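To keep things clear, I will list the structure first and then write my remarks on it.
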Amino acid sequence: MTNENRLYEEKVWDRSIRVFHWVNVICVLALMIIGSAILYANSLGVSSEGKITLKIMHAYVGYVFAFNLLWRLVWGFVGSSTARWGAVMPFSKSFRSDLKTWLHGVRTGHPPEYRGHNPAARLMLLFLYILLVGQMATGLVLAGTDLYFPPFGHEFAEWATGAGEDHSQLVGLVPGAKEMLDPEGYAAMREFRAPFIEIHKIFFWLLLVSAFLHVLAVVVEEVRFGSGLVSAMISGKKVFRRHPQD
């Protein structure tokens, strides 16, 4: 057997990366499903109380999503070599030449192999992380304005009720209740909320398309080059035919 055809296995993804990936997949799917139900609640005949219940469910899953994402952001500075941001983001000095070399290899049917992510995957990951962080940030604001949930809910509750520092006025305030609200304060709070919900919706659609393209790219690479990307995110080990570029 020649070196060109010899296969060898190497550990590339640590446990934190693998756990993050699959928890993120589950959370994003759940958030998309619940978010779609909220977005089309009127068409689905969901009552006002049912819509609040969906928002509460969305927020709870969102907290799991946020904690998981925050851990990944930290792990990018302290984790294994393939988990570090320097190995994940497309910011290295050689990135342009690496991308050209990889694209040429794809066209000829022999793309360079990487322990971590190839140059095209790095571009996709940059876009995905921008969307994920954007969804987390806007989602936390919306959880505060809609449900008065942490970390910003208390401040939004003060604003909506006109309570200021008089926290006794907040006792009994629940999502959907109108009796305790100050009309001017509530209207100002909802006006502040408006751009966040628009960004959240736009990022939702971008994330939906990006997730589809991500899965499609993995399937194409699996079928065309037999790279074993899915099994690698389970076992942590990738199979190589040639010495990886990185």
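What to note about this one:
- Between residue 18 and residue 123, the C-beta separation translates, for a Förster distance of 30 Å, into a calculated FRET efficiency of about 0.85.
- Magnitude of the charge dipole for the chain, about its Cα centre and with charges confined to Cβ atoms of Lys, Arg (+1) and Asp, Glu (-1), is about 1520 debye.
- Residue pairs exceeding 32 angstrom between C-alpha atoms, taken from 11/55; 100/237; 178/201: 11/55.
- For segment 90-153, applying the loop criterion from DSSP together with a ceiling of 12 other beta carbons within 10 Å to the chymotrypsin sites (Phe, Trp or Tyr not before Pro) yields 91.
- Chymotrypsin sites (Phe, Trp or Tyr not before Pro) within segment 38-90, DSSP loop, no more than 15 other Cβ atoms inside 10 Å: 40
- Residue 108 paired with residue 174, simple spin-label distance in nm, labels 7 Å along Cα-to-beta-carbon: 6.8 nm
- The long axis of helix 183-225 is offset from the longest Cα principal axis of the chain by roughly 20 degrees.
- The long axis of helix 95-108 is offset from the longest Cα principal axis of the chain by roughly 60 degrees.
- Against the main long axis of the alpha-carbon atoms of the chain, helix 119-147 sits at an angle near 10°.
- Rg/Rh, computed from the Cα trace of segment 1-75 with Rh as the Kirkwood radius, has the value 1.31.
- Inter-part distance where segment 45-74 and segment 176-246 are each reduced to a Cα centre, Å: 14 Å
- The residue among 133, 21, 143 whose Cα reaches farthest toward the positive pole of the charge dipole of the chain, with charges on the beta-carbon of Lys, Arg, Asp and Glu, is 21.
- Expected 222 nm ellipticity per residue - DSSP helices of 4 or more, -39500 (n - 2.57), all of the chain, to 500: -23000 deg cm²/dmol
- Proximal charge balance of residue 191 [Cβ under 15 Å; K/R count +1, D/E count -1]: -2
Every number in this text was worked out from the coordinates using simple rules, so none of it is lab data. Worth saying up front: this structure is predicted, and the values here are computed from it rather than measured. Cβ atoms come from the backbone with ideal geometry, glycine included; neighbour counts cover every protein chain shown.
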